[in-house]
Every structure is written in C-alpha cells, then in structure tokens.
1. So, A:ALA6, is that one closer than 27 Å to A:ARG135 by Cα, free of Cβ contacts under 8 Å to residues at least 60 places away in the same chain, facing another protein chain (nearest Cβ under 7 Å) and part of a helix (DSSP H, G or I) or not?
2. Within the stretch A:66-81, is there a residue that is part of a helix (DSSP H, G or I), open to solvent by 50 Å² or more (accessible area, probe 1.4 Å), more than 16 Å from DNA strand C (Cβ to nearest atom) and at the interface with another protein chain (Cβ under 7 Å from one of its Cβ atoms)?
3. A:GLU43 fails exactly one of the following numbered conditions: (1) in a loop (DSSP other than H, G, I, E, B); (2) in contact (Cβ under 8 Å) with a residue 24 or more places away in the chain; (3) open to solvent by less than 40 Å² (accessible area, probe 1.4 Å). What is the number of that condition?
4. Can you pull out the residues in the stretch A:12-34 that are open to solvent by less than 10 Å² (accessible area, probe 1.4 Å), within 12 Å of another protein chain (Cβ to nearest Cβ) and within 13 Å of DNA strand C (Cβ to nearest atom)?
5. Restricting the search to the stretch B:29-40, which residues are in a loop (DSSP other than H, G, I, E, B) and either farther than 19 Å from B:ILE157 by Cβ or touching a residue at least 12 places away in the same chain (Cβ under 8 Å) (or both)?
6. Taking the stretch A:89-106, which residues are open to solvent by less than 20 Å² (accessible area, probe 1.4 Å) and either modelled with pLDDT under 95 or under 22 Å from the mean Cα position of the chain (by Cα) (or both)?
7. Which condition number does B:ALA55 fail, the rest of (1) hydrophobic (A, V, I, L, M, F, W, C); (2) more than 10 Å from DNA strand D (Cβ to nearest atom); (3) in contact with a strand residue (DSSP E or B) (Cβ under 9 Å, 6 or more places away or on another chain) being met?
8. Could you please find all residues in the stretch B:130-161 being touching a residue at least 60 places away in the same chain (Cβ under 8 Å) and farther than 25 Å from A:PRO89 by Cα?
2 protein chains.
Amino acid sequence: MSLPHAILTALLEKPSSGLELTRRFDRSIGYFWSATHQQIYRELGRLESDGLIRALPTAQPVRGQKKSYEVLPAGRAELARWTSAPQDPKPVRDVLLLRLRAAAVVGTEGIEADLHRHLALHQGQLAEYLEIEKRDFGPGSNSAQDRIRHLVLRAGIDLETFWIQWLTHALDAFDDLPAPEEPDVRR
Amino acid sequence: MSLPHAILTALLEKPSSGLELTRRFDRSIGYFWSATHQQIYRELGRLESDGLIRALPTAQPVRGQKKSYEVLPAGRAELARWTSAPQDPKPVRDVLLLRLRAAAVVGTEGIEADLHRHLALHQGQLAEYLEIEKRDFGPGSNSAQDRIRHLVLRAGIDLETFWIQWLTHALDAFDDLPAPEEPDVRR
DNA sequence: AAGCCCATGTAACGGGTTACATGATTAC
DNA sequence: GTAATCATGTAACCCGTTACATGGGCTT
C-alpha cells in the first residue's frame, strides 16, 4: 500500500492533474516509485472518495478536461502516520541475479551480452543522477527539505554505482572462467 | 514471469517436493527471489501440465503425500532460453526512499527510529551472508558453478553493505539537520 | 476533414499475499 | 486417541500491466 502515499506526497509538493502526476512519476518520483497513468487515475478516484484529496474547483469536470487535485488535512495526517510507522525492508527480488543462478546450471551462453547491456544502462542512469545532483544540489541551499531529498538522490547514485562495480567484476570473472561446463546433456 | 524459471533452476539443482522447495525459497534462492508455498504449488501444477517438469514416479499422489518433481528436457530448454534472453532492469521501487521523500514534506517525526531498525536488520543480513561465504566459498573449489554462485552471493553482500553505509550516512545527516521546519525552537 | 496529441478513463488478466481447508504422520 | 506438525492444496483480494475507449483541441 505505497502508491496512494506516493501520490499524496506528490500532491503535497504540488497540486496536479492526473497527467501531470503521470509525467512526474516518469521523472523524479518515478526514480524510486514508478506508476502508470491507469494506476494513478484509479488511485486518485479512491483517494477522493476516501476524503483524503479533493478536486480543485475550477471548471466542471467534463471528460477530457483537466482536473487538478489537492491534499486535504485527512490526507496529510494519513501520510504522516504512514511515514512514521515502521515497515520491514522487502527481501531482494532481482531477475538478473536469478538468471545468473540459472546460468550456473544451464550454461552462461548468451547472458554475457546482456550483462554488458545492463552495465551501459546503469552508467547512463548514474550520469543522469549526477546531472541532477549538480543542477539541484549545489553548495548553497541547506534547508532540511533539500538535504533529505539530496539523501534520497544519493541512494540512487550509490545504488547505480554498486551495480556498475558488480557488473564490471562479474564480466571480469566471466573472462577467465574455466571453460563452459556445457556437456551436461545427461537427460 | 520469473517464478517458473526460479523453480526450474531449483529443481535442476536438486529434484524436490513442494515443501522442500518452499524451504529452499526461505533460504538460498529466497535471498534474491522469494515465494510462498501457495505460489509454488500453483506454479508446480502449471509447469507439470505444460510438460516442463514431471512428478517422480514413487507412490501414487494422495493428498498429504510427498510428491517430488524433476525437470524434463523441455523445461531445461525453456530455462536456457529465458536465461540468455535480454531483459531490462526493473526500475527501483523502495518504500524507505519513498517514506524519506514524504518525510521531507510532512516532517521526519518517527522515521529516525525505523532507520536505526533497518540498519540493524541489514547488519544482521550481512553477517549471515558473510557466514555463508566463509562456509561455502573457501579458497579451494573453483568450478565455474561455484564461481558464478559466489558472484551472486557477492551481490547480496555488496547490496547490504551499500544499505548500511547509506543508512549510517542518513542518520548522521539527521543528527545535524537544521531542526524541523515546523516551528524552529532554537532560533 | 483527417490526423495527431492531450487528457481521462474502462476492462481484463496475472502475480503476490493472506486466510483458510484437509489429509497424513509423528509425539505424547 | 488426541494434539501437533507435515504436506498439499483452495479461495479471495489487491496491485501492476496491457490493451482499448472516448472526447477535446490543434495543425494541415
């Protein structure tokens, strides 16, 4: 149950319409919590009928007409409650690691190319994060808000750095692997 | 669609019953792909009716009777195909980062305790991984299988190390935060 | 008027989670 | 012989994903 709270956070930062939210979930917020527009509209409906947000009274809501939402006091309270409530970290769930484990059994044929591809993707993402850091978190501006947001961005940067290092290490190890154990055609 | 392939990998490593699989998904495989027994039974049924695995012919399958499965050639082929097929990395989805972003808006009240708790949890997980590394991957044994599995374990170790460092950094930053942005008492 | 993007949806499906059910085996 | 545990399932629900629908405004 995190999507509604992600939306509440986004709306508190800036009241928005569904499509504007979708755009923001493709950028900043989406860096650690992604969502499609279908999810967002479904959730906006629920949040509204639960009395946590309301549509800004601008024009009557016609289909195809922009409709902006803002957070109500009950919504802010719920977000504060959720934020401070303890939550266990989710166990890791990573397809690439699973594929490697499978490759240890059925052979590493073909997976190496994808490791290279992932390495490039993570390098690209890291560059994007570093660009944002340079732009948004220069030496000035030390409000609590900025420092916390910088902390979150730092997690992204360090995570990408971890993957780059690990993938580099993995590819090195692949290079001097004692030859494929392919001839395992026993069945 | 990763659970069936996780099960195929597990069954290739060692034919097992549903409950044995469940136990293994609580340990080694579960370190990067978790699954409950309900999921596993459901998926075993599908894999069998798809002709990728079969029940070992021991006793007739009575309810409450152990039933072991092994992988058929078609299953091994499907796993090899899946392993070498390119797959994009999933975008990060982390509740703690989302909560921090929310805390930047509604205040950091209460979240600090949970950061401490997470730090301890990650330290415990790291210790467990290091124990496994010492036990299973000593200086000897350099088969390709072992080296690949060690690589996967290394990812786990490095990920936990990342979280420990980041949480430590975050808690440090919290300590000299310019005080809550609600009513600042010190100035 | 045709085509394209903007904006808001609906519908169907599949995986993951939680709660519950039921038969067999073991412990006392 | 009864309680606990082992072992295999069923059922319901929610979230995330994919495909599709509808209407308005803009450009050509």
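The values are calculated or read from the model by the stated rules, or taken from the named source; none is laboratory data. Since we're looking at a predicted model, the values are computed, not measured. Note: ideal-geometry Cβ built from the backbone for every residue, glycine included; neighbour counts use all protein chains shown. In case anyone asks, the SASA skips ligands and DNA or RNA and just uses the protein heavy atoms, side chains included. Shrake-Rupley method; radii C 1.70, N 1.55, O 1.52, S 1.80 Å.
1. Yes: the conditions hold for A:ALA6.
2. yes
3. Against the list (1) in a loop (DSSP other than H, G, I, E, B); (2) in contact (Cβ under 8 Å) with a residue 24 or more places away in the chain; (3) open to solvent by less than 40 Å² (accessible area, probe 1.4 Å), A:GLU43 comes up short only on (1).
4. If the condition is that a residue be open to solvent by less than 10 Å² (accessible area, probe 1.4 Å), within 12 Å of another protein chain (Cβ to nearest Cβ) and within 13 Å of DNA strand C (Cβ to nearest atom), then A:PHE25 is the only one that fits.
5. Of everything in the stretch B:29-40, those that are in a loop (DSSP other than H, G, I, E, B) and either farther than 19 Å from B:ILE157 by Cβ or touching a residue at least 12 places away in the same chain (Cβ under 8 Å) (or both) turn out to be B:PHE32, B:TRP33, B:ALA35, B:THR36.
6. Within the stretch A:89-106, A:LEU96, A:LEU97, A:LEU98, A:ARG99 qualify.
7. (2)
8. Once the filter is applied, which keeps residues that are touching a residue at least 60 places away in the same chain (Cβ under 8 Å) and farther than 25 Å from A:PRO89 by Cα, the stretch B:130-161 yields nothing.
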